[in-house]
1. Determine the order of C29, C107 by accessible area, beginning with the largest, at a probe radius of 1.4 Å.
2. How do the peptides 169-181, 187-199, 74-86 rank, highest first, by the average count of neighbouring beta carbon atoms within 10 Å per residue?
3. Quickly work out the F84-to-A150 label distance, labels modelled 7 Å from Cα along the C-beta direction, and quote it in nm with one decimal.
4. Ignoring everything but the protein chains, give the 1.4 Å probe accessible area of K104 in square angstrom, nearest 10.
5. Taking the Cβ-Cβ separation of Q201 and A163 as r and a Förster radius of 25 Å, what is the calculated FRET efficiency to the nearest 0.05?
6. Sorting V19, V152, V2, V126 by accessible area (1.4 Å probe), largest first, what list results?
7. Which log10 I(q)/I(0) values, to two decimals, does the stretch 82-121 give at q = 0.17, 0.18, 0.33 Å⁻¹ under the Debye formula with one point per Cα?
8. Work out, step by step, the length gained on full extension between V194 and I174: first 0.36 nm times the residue separation, then minus their alpha carbon distance; give nm to one decimal.
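The values are calculated or read from the model by the stated rules, or taken from the named source; none is laboratory data. As the structure is a prediction and not an experimental result, all values here were calculated from the model. Cβ atoms come from the backbone with ideal geometry, glycine included; neighbour counts cover every protein chain shown. Accessible surface areas use protein heavy atoms only, side chains included; no ligands, DNA or RNA. Shrake-Rupley method; radii C 1.70, N 1.55, O 1.52, S 1.80 Å.
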Amino acid sequence: GVYWAGADIASAFQPLIPVWTAVFAYLTCIEKLPSASLLHTWTKFGAILLAAGGAIEATLTSNSLFHGEHKAATQYLMGCASLFGNTICMAAYILLQKRFIFNKPSCKWRDYPVSVTAYSYFFGAVFMGLASLYVFPAGKSDEFSIPSQAVVALVYAIFITSALCYLLITWTNIYLSATIVTAFWPVQVLITLVSSFLINQEKLAPPVCKNDHTALANK
């Protein structure tokens, strides 16, 4: 999805995870639909939609979205379809944990969130390995190389972004509802914006379309 549609579009899809989680949780009765007359019900739904909408807006109005190369329409649609499936699968991952593990006091896995995460990643690693056989066929393994400047980022992605983050998600899924766990997903965009400003001195700027650049150049 990131390769075909771009990083900006991928970021815009991620805030949909709490929306799908809330919808599927209520449709499958994993969580009870609270009374519509209660104030906290509307506050909960409003907060999820507002956070998701704000994150999508912040992503779609970033300058990088307007300056990237235009991909083929077919690849772009395939990328969006992949990202759409990713958000649904992530919501299902959280809800299945809740339904078959953490909502059952008799389940022995309930007290071992580390094991739940480890087994999830084991099967994920197996499928990624199988996928790599297609991406890097025999005789072309030399095409895969990791530049030295990317080692730190790769190590952080493996141990922090992947292992630690998913362990924390699994652990919080024990004590909180699935909708609350995923409701924090859009906060990533806010933290990214603040961190970019503090660390990289990046500032938000209004989007500038390609035509605007052409007009400025002509002047």
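1. C29, C107
2. Listed from highest to lowest mean packing, they are 169-181, 74-86, 187-199.
3. 2.9 nm
4. Rounded to the nearest 10, the figure is 80 Å².
5. In this case the efficiency is close to 0.25.
6. Final ranking, largest accessible area leading: V152, V2, V126, V19.
7. -0.49, -0.54, -1.07
8. 4.2 nm
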